[in-house]
1. Looking at Glu237 and the list (1) of a type outside the set (A, V, I, L, M); (2) touching a helix residue (DSSP H, G or I) at 6+ places or on another chain (Cβ under 9 Å); (3) on the phi < 0 side of the Ramachandran plot, which single condition is not satisfied?
2. Which residue is farthest from Ile166 (Cα to Cα), if the candidates are limited to region 125-143 and must be in contact with a strand residue (DSSP E or B) (Cβ under 8 Å, 6 or more places away or on another chain) and not in a loop (DSSP other than H, G, I, E, B)?
3. Looking only at region 14-62, count how many residues are assigned to a loop (DSSP other than H, G, I, E, B), more than 16 Å from the ligand (Cβ to nearest atom), in contact (Cβ under 8 Å) with a residue 40 or more places away in the chain and closer than 25 Å to Asn214 by Cβ.
4. With respect to Glu11, determine if the residue is modelled with pLDDT of 95 or more, of a type in the set (Asp, Glu), surrounded by 12 or more Cβ atoms within 10 Å (Cβ to Cβ) and more than 16 Å from the ligand (Cβ to nearest atom).
Amino acid sequence: MTLQKFSKPFEHLETPDCLICNSTEKKPFYQVSNRFNQKESFDLVKCPNCNFVYLSPRPTADAIGVYYEVEEYQPHQADARNAADVLYQRVRIWNNRYKRKTIEKYKKNGNILDYGCGTGEFLLEMNVSGWKTYGYEPLTKAANIARNHGLNILKSLQNYQGGADIITLWHVLEHIHDARGIIKTLQQIMAPEAYLIIAVPNYQSFDAKIFKQNWVAFDAPRHLYHFTPETMTLFLESMNFQIVSYKTLYFDPWYNSLLSAKIEAKNKKFKLLIQSLSKSLIAATIANLQSFFIKKRSSSLIYIAQSIK
Ligand SMILES: [Zn+2]
């Protein structure tokens, strides 16, 4: 990995090797603008050896924090400020219930650790049906909100006293610089027969193909990696996991299409709001229908895996 100076002081870019096969070779894939600062753009590259798509160069782990300090960035927002926020929060409640029901098809109860738990809403949903819940969240503000909900939020994974029956990473893995190191650490604290559950966006979905470099889930430079079912299989198998099932997150094509249309509008692709809105609704409808029949084309996929060590 090589380091180079960033254009701004005290910030750095690095050029990572392929996360999956360690190849240093890269082919250009897309140039993606930062959706909160259109003047700034980043390169996505594709590994010619294993087809993995990733951000390179990318801000280093020490430098990336500034890209999360954006008011419009929603994931850990506690208060609803407008109708869209209210809708987002309603959907989040529905989504958390769907995630719990998905998990309970595999295990009815036990210990669950949510890595990157944010403000803890998913863990609160798991508490409802008697799970023993633990969370880990590196962002202090979000972690404190989760603690105020009465949740057990670990300061470090070393504080976790073993035996997780379920470990979840909901739209988290694509943000982690040391993704391989974290999965290996989590593997060590899993109980026998435990499940690792990872949800990430899928750029092979219909909505991604329609919006191309304006697809919101490319989200440069916050999203470092772009998995497909094929590359996630390679990644997990390289650490002795096997994928036992795939599930769809049904709201994600709507959310992704609406926000992607907003990015297109910023890039002045359409003159009228109604044109971009219509495009997003059509894209989301087709993406959802397609994912119903072909799970591996879902806008976001949930991978359910078990360690085979
Ligand atoms: Zn590769």
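1. Result: Glu237 passes all but (2).
2. Looking at residues that are in contact with a strand residue (DSSP E or B) (Cβ under 8 Å, 6 or more places away or on another chain) and not in a loop (DSSP other than H, G, I, E, B), I get Ala143.
3. Going through region 14-62, the residues assigned to a loop (DSSP other than H, G, I, E, B) turn out to be 16-26, 35-36, 47-52, 56-57, 60-62.
With the extra rule that they be more than 16 Å from the ligand (Cβ to nearest atom), the set shrinks to 35-36, 57, 60-62.
Filter once more, keeping what is in contact (Cβ under 8 Å) with a residue 40 or more places away in the chain: 35, 57, 60-62.
Keeping just the survivors that are closer than 25 Å to Asn214 by Cβ gives 35, 57.
Within region 14-62, residues that are assigned to a loop (DSSP other than H, G, I, E, B), more than 16 Å from the ligand (Cβ to nearest atom), in contact (Cβ under 8 Å) with a residue 40 or more places away in the chain and closer than 25 Å to Asn214 by Cβ number 2.
4. So Glu11 does not fit the description; no.
The values are calculated or read from the model by the stated rules, or taken from the named source; none is laboratory data. Predicted model, so just to flag it, every value in this text is computed and none were measured. FYI the Cβ positions are ideal-geometry reconstructions off the backbone, even for glycines, and counts take in every protein chain you see.
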